[in-house]
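Engineer: Dropping the structure in here first, questions after.
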């Protein structure tokens, strides 16, 4: 098959990445260097975007919300609730007679819903076998890169009140 | 007497390309580590990471310009 003559009218990218196999050319070192340099610019742009997001970040104001009554959850039991927004699922665990802890129910790996296993006394993610400590939400095993965000609880009378979220 | 061809410019270009590739890998790691820190609420790392990344891009652009310059000769 005869090669298509280069007319000079086609843009450079169409010449370099032709749809016809016979017209394909090797990428030169200069083109490769240009490609790598542009990728490097994209990486820097990504870091600049994160910087801009961190400058624009404002710590949210968390509402006070009654999560449960003190005796409502049995020892080793859980209660699911949403905090601070109705789209943020959380899990309240009564680990001991007087100890209540609450965490975000969203796994820090790929956002699956975690659950509390009474047998292992750990918070587990069913998707990729990640597990978190029920005591402090830290990662014990599996792929999750960060601890679970902790919901700050206060006891006011007989009520457990959520006052904030601690992202770690 | 046969004279060997001068491979100097080609070696320089290949060296520059290898250096750009290494710097690019460092930048990829830096971006993922910064994103990870940002997601976990540690915003203080964003500024130094951005400065380092922009500096690495500057080195990559300089090396790219060097490759173009040597390639034109």
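Engineer: Does residue A:104 qualify as being buried (at least 18 other Cβ atoms within 10 Å of the Cβ) and either assigned by TED's automatic domain parsing to the domain that holds residue A:128 or in contact (Cβ under 8 Å) with a residue 12 or more places away in the chain (or both)?
Structural biologist: Working: buried (at least 18 other Cβ atoms within 10 Å of the Cβ): yes; either assigned by TED's automatic domain parsing to the domain that holds residue A:128 or in contact (Cβ under 8 Å) with a residue 12 or more places away in the chain (or both): yes.
So residue A:104 passes the test.
Engineer: Then there's this: Of all residues in the range A:33-74, how many are within 14 Å of chain B (Cβ to nearest Cβ), farther than 30 Å from residue B:67 by Cα and without any contact (Cβ under 8 Å) to a residue 12 or more places away in the chain?
Structural biologist: 10
Engineer: Scan the range A:37-62 for residues that are exposed (fewer than 12 other Cβ atoms within 10 Å of the Cβ) and outside any helix (DSSP H, G or I) and report the count.
Structural biologist: 4
Engineer: Just checking, which of A:92, A:140 is in a strand (DSSP E or B) and either closer than 25 Å to residue B:32 by Cα or in contact with a helix residue (DSSP H, G or I) (Cβ under 7 Å, 6 or more places away or on another chain) (or both)? Even if it seems obvious, please write down each step before you answer.
Structural biologist: Working: A:92 fails: either closer than 25 Å to residue B:32 by Cα or in contact with a helix residue (DSSP H, G or I) (Cβ under 7 Å, 6 or more places away or on another chain) (or both).
Within the list A:92, A:140, the selection yields A:140.
Engineer: Separate question: Considering each of B:15, B:58, B:41, B:71 in turn, give the residue that is assigned to a loop (DSSP other than H, G, I, E, B) and either modelled with pLDDT under 90 or under 12 Å from the mean Cα position of the chain (by Cα) (or both). Give the derivation first.
Structural biologist: Details: B:15 fails: assigned to a loop (DSSP other than H, G, I, E, B); B:58 fails: assigned to a loop (DSSP other than H, G, I, E, B); B:71 fails: assigned to a loop (DSSP other than H, G, I, E, B).
Within the list B:15, B:58, B:41, B:71, the selection yields B:41.
Engineer: Would it be correct to say that residue A:77 is in the same structural domain as residue A:155 (by TED's automatic domain parsing), at pLDDT 90 or above, surrounded by fewer than 16 Cβ atoms within 10 Å (Cβ to Cβ) and farther than 15 Å from residue A:149 by Cβ? Can you show your working first?
Structural biologist: Details: in the same structural domain as residue A:155 (by TED's automatic domain parsing): yes; at pLDDT 90 or above: yes; surrounded by fewer than 16 Cβ atoms within 10 Å (Cβ to Cβ): yes; farther than 15 Å from residue A:149 by Cβ: yes.
For residue A:77, the condition - in the same structural domain as residue A:155 (by TED's automatic domain parsing), at pLDDT 90 or above, surrounded by fewer than 16 Cβ atoms within 10 Å (Cβ to Cβ) and farther than 15 Å from residue A:149 by Cβ - is met.
Engineer: Restricting to the range A:38-66, what's the tally of residues that are within 21 Å of residue A:164 (Cα to Cα) and over 24 Å from the mean Cα position of the chain (by Cα)? If you could, list the steps in order and put the result at the bottom.
Structural biologist: Narrowing the range A:38-66 to residues within 21 Å of residue A:164 (Cα to Cα): A:54, A:56-66.
Still in the list and also over 24 Å from the mean Cα position of the chain (by Cα): A:64-66.
So the answer is 3.
The values are calculated or read from the model by the stated rules, or taken from the named source; none is laboratory data. From a predicted model like this one, the values you see are computed outputs, not experimental measurements. All Cβ positions, glycine included, derive from the backbone under ideal geometry; neighbour counts span all protein chains shown.
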